[in-house]
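The structure appears right after this line, and notes come after that.
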Ligand SMILES: Cc1ncc(COP(=O)(O)O)c(C=O)c1O
């Protein structure tokens with residue numbers, strides 16, 4: 001497929017240079033199908049969902065629910081009730097941190113996360129543990145950035161039932177390592193502990209089948225998988241979603257309201273209080289369709305692997321450059337490279353490269369404890385999507401060498 005023709009943002013120039021967009025792990029660009037649906041809904045079906053009987057409202061509701069059905073199919077979730085729309089990964093994890101903890105976590109209990117978590121899968125658990133009088137435990141990663149399933153097993157055995165949930169990232173946004181989530185879920189389940197997977201990066205790079213994975217919760221954001229910002233998904237098993245209390249109260253999440261008592265709407269609406277971002281939710285359908293087409297395109301996938309291998313080799317040749325996240329098996333690494341270069345500040349390099357038309361991420365990557373583990377407070381990150389090219393990788397390496405030379 002001629003993928004670049006579907007992403008108009010890639011054609012633009014910045015500072016007179018052709019854009020090389022290597023910040024896909026932060027936000028991906030949107031395909032023409034998503035842009036067209038966004039525009040169309042704002043013109044043809046801008047009415048509040050699930051409410052009025054008029055045509056615009058009915059159409060908007062149909063599009064919203066079609067977005068949900070597209071997500072359900074993409075994740076192979078058993079039913080519509082298992083797919084909750086949120087504003088993003090952060091909101092989805094906060095929902096579970098608040099409602100799961102309220103229902104199942106008592107003083108003295110523990111929540112286990114990994115050392116490689118984005119702040120979105122760390123701070124909500126700190127807050128929830130504080131509220132519940134529980135303790136947050138952290139499973140370390142090794143120098144390569146890998147998690148040990150044996151260490152998880154030992155930790156769960158030693159906790160003697162006090163760990164109530166394991167919350168780990170599917171793919172780290174810093175290390176680019178695909179965690180052994182299937183084994184993590186199976187191990188936790190052997191100890192009767194449910195698992196939440198932060199899929200913000202995972203949904204983009206691997207087909208996800210929540211029933212095959214058997215995870216209890218899976219959270220992701222639309223904007224990283226070619227949909228607009230302001231929409232995200234929480235997949236949850238029915239049992240937990242039914243037993244957990246609602247998150248926010250308001251319109252749409254109720255069954256009946258009196259001053260004395262309110263009863264709640266059935267799933268998934270119980271967790272969808274207030275007017276939802278129905279345009280963005282509807283856009284999940286074309287966004288996931290594009291993701292599926294790109295995932296099934298063998299040439300695009302081979303190119304992603306080739307770009308990953310090329311960058312691993314060429315970046316490694318730059319003196320003083322260190323890459324973080326180097327799994328023993330190359331297949332466990334996605335084309336996402338966080339690195340530092342001795343004698344050059346990441347933000348300085350990012351600024352110079354920006355002027356050369358290359359968009360990278362620099363800073364703490366929303367994972368301060370992980371960076372600290374490697375003795376860093378800031379890194380530079382290049383994260384690729386299927387629409388990136390080998391020619392862009394070559395330009396990037398040349399430009400990075402020039403930028404490093406300017407600073408040293
Ligand atoms: C692994 C991971 N988790 C969570 C998030 C938070 O996503 P959002 O800001 O869309 O809620 C991100 C975003 O960078 C991420 O990479």
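Structure notes:
- One residue stands out in region 15-25 among those that are assigned to a loop (DSSP other than H, G, I, E, B) and touching a helix residue (DSSP H, G or I) at 6+ places or on another chain (Cβ under 8 Å): the one that is farthest from residue 227 (Cα to Cα), namely 15.
- Residues within region 29-42 that are outside any helix (DSSP H, G or I) and out of contact with any strand residue (DSSP E or B) (no Cβ under 7 Å at 6 or more places or on another chain), tallied: 2
- Of the helices (runs of 4 or more DSSP H) contained entirely in region 187-278, those carrying at least 3 residues that are within 11 Å of the ligand (Cβ to nearest atom) fall at 202-205.
- Members of region 71-104 found to be in a helix (DSSP H, G or I), more than 16 Å from the ligand (Cβ to nearest atom) and over 16 Å from residue 170 (Cβ atoms), listed by number: 72, 73, 80, 81, 82, 99, 100, 101, 102, 103, 104
- Pairs with Cβ under 9 Å, 6+ apart, first in region 105-117 and on the phi > 0 side of the Ramachandran plot and outside any strand (DSSP E or B), second surrounded by fewer than 21 Cβ atoms within 10 Å (Cβ to Cβ) and at pLDDT 95 or above: 108/133; 108/135; 108/162
- Residue in region 6-27 that is crowded, with 16+ Cβ neighbours inside 10 Å and on the phi > 0 side of the Ramachandran plot present: no
- Qualifying residue in region 43-63 (condition: part of a helix (DSSP H, G or I), within 16 Å of the ligand (Cβ to nearest atom) and either touching a residue at least 40 places away in the same chain (Cβ under 8 Å) or not assigned by TED's automatic domain parsing to the domain that holds residue 133 (or both)): no
- Hits in region 370-392 - residues which are over 25 Å from residue 290 (Cα atoms), in a loop (DSSP other than H, G, I, E, B) and in contact with a helix residue (DSSP H, G or I) (Cβ under 9 Å, 6 or more places away or on another chain): 376, 377, 378
Rundown of residues vs (1) under 30 Å from residue 291 (Cα atoms); (2) in contact (Cβ under 8 Å) with a residue 60 or more places away in the chain, yes/no style:
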site	(1), (2)
100	no, yes
125	no, no
134	no, no
145	yes, yes
170	yes, no
196	yes, yes
201	yes, yes
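- Qualifying positions in region 274-304 - free of Cβ contacts under 8 Å to residues at least 12 places away in the same chain and surrounded by 14 or more Cβ atoms within 10 Å (Cβ to Cβ): none
- Selection within region 150-168 - crowded, with 17+ Cβ neighbours inside 10 Å, touching a helix residue (DSSP H, G or I) at 6+ places or on another chain (Cβ under 8 Å) and more than 12 Å from residue 116 (Cα to Cα): 152, 156, 163, 164, 165, 166
- Residue ID - nearest to residue 188 (Cα to Cα), chosen from residues in region 206-223 that are crowded, with 24+ Cβ neighbours inside 10 Å and under 12 Å from the mean Cα position of the chain (by Cα): 218
- Unique match (being over 25 Å from residue 244 (Cα atoms) and in contact with a helix residue (DSSP H, G or I) (Cβ under 6 Å, 6 or more places away or on another chain)) among 60, 77, 52: 60
The values are calculated or read from the model by the stated rules, or taken from the named source; none is laboratory data. This structure is a prediction, so every number in the text was calculated from the model and none was measured. In this analysis, Cβ positions are derived from the backbone assuming ideal geometry, glycine residues included, and neighbour counts consider all displayed protein chains.
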